[in-house]
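The values are calculated or read from the model by the stated rules, or taken from the named source; none is laboratory data. Keep in mind it's a predicted model, so treat the numbers as computed, not measured. FYI the Cβ positions are ideal-geometry reconstructions off the backbone, even for glycines, and counts take in every protein chain you see.
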Amino acid sequence: MNSNDKFFSFVNAIELNNVPWERLICTNGRATDIPKLLTQLTSLDPNKAPSALRDLSLQIEHQETVWTAAPFALIFMGRCGDQIRASEPKLPKLQSDLSEYFQELLDICTQALSYYDSKEQAFSSWQEFFNEEHLLPPINYDELCADEDDDGEYEEELDWEEDLPDSPTLVLSCYEYSKRILEFYLNKWNEPLTPA
């Protein structure tokens, strides 16, 4: 199996609950809210899906920084786009917004990757994202503050920013893997649907 086959074999096989979201980074820190937002998006509920898309876009990229949760979230967002395209013609605005967002993010990734030296290499496999040195430390629930915040949730005592992985290869890989996912889905969505 060549590297492209391995890449897309992972994309096709990964399930939402197999991603260590609490150990990946998004705009607001740990990516613990991403599964809930993806579930709202894939529900295709016209009252929830558009706001979930908006919130996801804010969580996986901020000021042209693509976080470690991005490539994984994009897989599930892409699957949602496939679902809309194949069976929900009554949601053209959502599909259009998703395609537009994917194109904007593709432009960001392409621009960011243009700054890298051609000798620098992204990860050779998806599994490298799950190496301990590329993840936030696990949440230690014993160290959570006893005081609840206004939302009834507990705050972590430790500042997550102090635990950010320091790896230029990780950053490069976030852009490269996101770019490959975005190109894959945008190319697929530009093809005419074949009748079932």
>> Can you tell me which residue is modelled with the lowest pLDDT among those in the stretch 70-89 that are of a type in the set (D, E, K, R) and surrounded by 15 or more Cβ atoms within 10 Å (Cβ to Cβ)?
In response: Glu88
> Do we have any residue at all in the stretch 131-145 that's surrounded by 10 or more Cβ atoms within 10 Å (Cβ to Cβ), modelled with pLDDT under 55 and not in a helix (DSSP H, G or I)?
Replying inline: yes
> Any idea which of (1) touching a helix residue (DSSP H, G or I) at 6+ places or on another chain (Cβ under 7 Å); (2) in contact (Cβ under 8 Å) with a residue 60 or more places away in the chain; (3) crowded, with 23+ Cβ neighbours inside 10 Å is the one Phe7 doesn't satisfy?
Replying inline: (3)
>> Looking only at the stretch 26-69, filter to residues that are acidic (Asp, Glu) and at pLDDT below 95; which one of those is surrounded by the most Cβ atoms within 10 Å (Cβ to Cβ)?
In response: Glu61
>> Ile14 - would you say it is at pLDDT below 95 and either under 23 Å from Glu128 (Cα atoms) or hydroxyl-bearing (Ser, Thr, Tyr) (or both)?
In response: no
> Does the stretch 149-156 include one or more residues that are at pLDDT 90 or above, over 17 Å from Trp21 (Cα atoms), among the aromatic types (Phe, Trp, Tyr) and out of contact with any Gly (no Cβ under 8 Å at 6 or more places or on another chain)?
Replying inline: no
> Which condition breaks for Phe123 when tested against (1) modelled with pLDDT under 90; (2) not in a helix (DSSP H, G or I)?
Replying inline: (1)
> Can you tell me how many residues in the stretch 1-32 are assigned to a helix (DSSP H, G or I) and in contact with a Lys or Arg (Cβ under 8 Å, 6 or more places away or on another chain)?
Replying inline: 4
> Which of (1) part of a loop (DSSP other than H, G, I, E, B); (2) within 15 Å of Tyr177 (Cβ to Cβ) is the odd one out, the single condition Asn47 does not satisfy?
Replying inline: (2)
> Which one is nearest to Pro35 (Cα to Cα), of the residues in the stretch 64-106 that are touching a strand residue (DSSP E or B) at 6+ places or on another chain (Cβ under 7 Å) and in a helix (DSSP H, G or I)?
Replying inline: Ala70
